[in-house]
Amino acid sequence: MIYERLCSVSARIPPFSTMGARRDDRDLAKAVRFLESRIQVSTQGVFAASYLTSILILISSFIVFILVNASILVAIPISAIASAIAYYAIVSYPVSTMNSYKLGLSEEADLVFEQFILVFQTGGTIFDAIEMVAASEHPFLSKVFQNMLSQIQSGTPPETCLMEFAKNQPSDDLRRYIMGILSALEKKTELLDLLSGESFEADMTLRQRNLELESRLLVVAALATYIPIMLTLAISLAGHATNLMVLLLAPILIGLNALLKSRFSSQFSAYFDRPNRDNVLFLHQSHIVAEYDEFLNFLMLLSERLHSGDTLEVAVQAVRDDVAIEIQKLIDPVINAISWGGKSIEEAMSDAAKMALGQRVANMINMVSVMCAASAAEAGDRLSRIAARLVKRSAVAKERESIIAAQRLKVYLLSITSSLVLGLLSALSPFLFIGSLLTEGPIWSPGALSLLSIMPLFATLLITTVSTGYQNTSMVGGRRPLLMGVVCGLLFWASFMLSSAILGLEIV
């Protein structure tokens with residue numbers, strides 16, 4: 001990994017390693033320990049890399065401005081800003097990466113808690129519970145618990161491994177559960193007497209992000225469309241529309257748009273669940289969401305039958321006609337395998353889990369089987385509680401898609417409007433030169449304008465417009481981002497040609 005290598009190299013360069021060793025940041029140290037299963041860095045290396053990168057960016061950007069004959073009064077502040085941004089990006093990367101896992105850890109916390117309860121109810125040990133979580137394919141958590149197993153085999157007590165992990169991860173819910181588990185083991189009390197099993201932080205974080213979603217989405221889309229407009233005005237006023245150096249702005253603007261899009265997509269996307277790895281990888285999220293919602297209804301019906309005294313085999317067959325087609329596709333093979341295939345309910349449920357579209361449903365199917373193997377009646381009570389809180393969380397999570405759908409049209413209109421405005425500004429560029437106000441007129445006369453004359457500006461804006469339309473559409477989950485990019489490019493071209501004709505400018 002580039003970041004890991006950069007930190008490793010920087011930590012060995014004397015001036016920067018010394019400066020990095022003097023710095024102390026509690027959040028960064030926590031993030032470094034949390035991410036040690038992914039990247040091997042130290043706080044000293046991170047600070048050393050930030051100092052090294054910021055100085056290199058400061059020097060290189062200043063040299064670039066000097067080479068293009070820019071004023072030193074312009075080069076100094078812009079280079080300093082670029083240096084500060086580079087420093088912040090390097091230092092904040094581990095912390096922001098750790099925080100990006102916070103919602104996922106909170107969402108998985110209650111399921112992990114249920115798994116520990118299952119193991120303890122069936123007479124298992126804490127080592128057995130860690131093994132179950134490690135094998136459950138939780139995002140990030142299973143990898144961490146696999147590392148715990150390696151540490152335990154090396155002689156570290158499992159309680160110590162759990163305690164260390166609880167201290168160095170961002171989810172308050174998961175920390176609360178792990179501390180409760182360790183306390184229950186020490187005092188030999190029932191886990192359900194200590195904790196409710198409900199993940200409050202996940203619901204709160206989802207609501208907070210939904211409130212932030214609309215404003216952040218529009219800010220990202222606005223920056224991606226308004227910055228090219230501002231640069232076009234600046235280039236035109238400075239009279240650099242014919243300068244070939246303008247072409248260098250195209251990759252910069254595309255990269256900026258990609259950076260903004262990635263930041264939005266990683267934290268505020270409509271992504272709901274991972275496709276089941278044993279299933280089709282390219283699957284639309286709407287299908288996974290539909291299956292998940294119907295499975296929660298199935299859990300409620302199933303919990304009622306189990307609570308009334310039915311076994312899992314009887315309960316599955318009894319609720320079959322009351323569930324939607326998405327769930328019938330999963331439980332019909334279970335019924336057939338039990339009735340005609342001679343399989344046990346555990347084997348049949350395991351096969352059904354492999355057929356699920358989403359990983360959440362697959363994990364819960366396996367959990368239902370394990371719960372009922374311990375006690376079907378108790379499983380009915382707990383499944384009803386789990387289903388109730390997951391229904392509430394599902395509704396909160398799907399608000400994200402509703403907000404994005406409502407804002408999708410705004411982003412489309414913003415991209416189209418930007419294309420039209422950029423086409424108009426590119427046609428006006430010969431007349432916007434500030435020097436024309438101090439002389440006898442524009443540096444180009446009507447009728448003498450050639451497209452080749454302003455080709456650098458025209459090509460830069462055309463490429464940027466196509467890229468902006470494509471990336472904005474991808475950001476909001478549009479179905480045909482490439483088509484939207486082409487449409488924006490054609491609108492820019494048409495706006496340029498129409499504006500040129502109205503202004504009396506002949507395109508040779």
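See the values below:
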{"quantity": "Residue pairs meeting the criteria (Cβ under 7 Å; at least 6 apart or on separate chains; first among the basic types (Lys, Arg), in the range 290-310; second surrounded by 18 or more Cβ atoms within 10 Å (Cβ to Cβ))", "calculated": "Arg305/Ala315; Arg305/Val319"}
{"quantity": "The one condition in (1) in a helix (DSSP H, G or I); (2) at pLDDT 75 or above that Gly124 fails to fulfil", "calculated": "(1)"}
{"quantity": "Members of the range 350-375 that are of a type in the set (Gly, Ala, Ser), over 10 Å from Asn276 (Cα atoms) and surrounded by fewer than 23 Cβ atoms within 10 Å (Cβ to Cβ)", "calculated": "Ser350, Ser369, Ala373, Ala374, Ser375"}
{"quantity": "Filter result for Ile227 (out of contact with any strand residue (DSSP E or B) (no Cβ under 7 Å at 6 or more places or on another chain) and without any contact (Cβ under 8 Å) to a residue 12 or more places away in the chain)", "calculated": "no"}
{"quantity": "Given (1) of a type in the set (Ser, Thr, Tyr); (2) out of contact with any helix residue (DSSP H, G or I) (no Cβ under 8 Å at 6 or more places or on another chain); (3) buried (at least 17 other Cβ atoms within 10 Å of the Cβ), index of the condition Ser96 fails", "calculated": "(3)"}
{"quantity": "Residues located in the range 108-151, provided they are open to solvent by less than 10 Å² (accessible area, probe 1.4 Å) and of a type in the set (S, T, N, Q)", "calculated": "Ser142"}
{"quantity": "Residue among Leu213, Leu192, Leu217, Leu149 that alone is at pLDDT 80 or above, of a type outside the set (Asp, Glu) and part of a helix (DSSP H, G or I)", "calculated": "Leu149"}
{"quantity": "Qualifying residue in the range 400-409 (condition: modelled with pLDDT of 80 or more and either closer than 27 Å to His240 by Cα or of a type in the set (A, V, I, L, M, F, W, C) (or both))", "calculated": "yes"}
{"quantity": "Neighbours by Cβ (under 9 Å, 6+ apart or cross-chain): first from the range 1-29, open to solvent by 90 Å² or more (accessible area, probe 1.4 Å); second charged (D, E, K, R)", "calculated": "Met1/Arg38"}
{"quantity": "Test: residue in the range 78-92 that is in contact with a Leu (Cβ under 9 Å, 6 or more places away or on another chain), assigned to a helix (DSSP H, G or I), farther than 26 Å from Ile252 by Cα and open to solvent by less than 70 Å² (accessible area, probe 1.4 Å)", "calculated": "no"}
{"quantity": "Test: residue in the range 57-65 that is part of a helix (DSSP H, G or I) and in contact (Cβ under 8 Å) with a residue 40 or more places away in the chain", "calculated": "no"}
{"quantity": "Test: residue in the range 233-254 that is modelled with pLDDT of 80 or more, assigned to a helix (DSSP H, G or I), of a type in the set (A, V, I, L, M, F, W, C) and closer than 30 Å to Ala406 by Cβ", "calculated": "yes"}
{"quantity": "When residues of the range 230-243 are limited to those that are of a type in the set (Val, Ile, Thr) and open to solvent by less than 30 Å² (accessible area, probe 1.4 Å), the one nearest to the chain's Cα centre (by Cα)", "calculated": "Thr232"}
{"quantity": "Count of the range 367-388 residues which are under 30 Å from the mean Cα position of the chain (by Cα) and either of a type in the set (A, V, I, L, M, F, W, C) or modelled with pLDDT of 80 or more (or both)", "calculated": "6"}
{"quantity": "Qualifying residues in the range 152-183 (those that are of a type in the set (Ser, Thr, Tyr) and either surrounded by fewer than 17 Cβ atoms within 10 Å (Cβ to Cβ) or modelled with pLDDT of 85 or more (or both)) - the one nearest to Gly124 (Cα to Cα)", "calculated": "Ser183"}
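Each row is one residue, and each column tells you yes or no for (1) at pLDDT below 75; (2) in contact with a strand residue (DSSP E or B) (Cβ under 7 Å, 6 or more places away or on another chain); (3) among the charged types (D, E, K, R); (4) over 15 Å from Gly239 (Cβ atoms).
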residue: Ala427; (1), (2), (3), (4): no, no, no, yes
residue: Gly441; (1), (2), (3), (4): yes, no, no, no
residue: Gly447; (1), (2), (3), (4): yes, no, no, yes
residue: Leu452; (1), (2), (3), (4): yes, no, no, yes
residue: Leu461; (1), (2), (3), (4): no, no, no, yes
residue: Thr468; (1), (2), (3), (4): no, no, no, yes
residue: Arg479; (1), (2), (3), (4): no, no, yes, yes
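The values are calculated or read from the model by the stated rules, or taken from the named source; none is laboratory data. Worth saying up front: this structure is predicted, and the values here are computed from it rather than measured. No Cβ is skipped: glycine too gets one built from the backbone with ideal geometry, and neighbour counts run over all protein chains shown. For the accessible areas, the whole protein counts, side chains as well, though only heavy atoms, and no ligand, DNA or RNA atoms are used. Shrake-Rupley method; radii C 1.70, N 1.55, O 1.52, S 1.80 Å.
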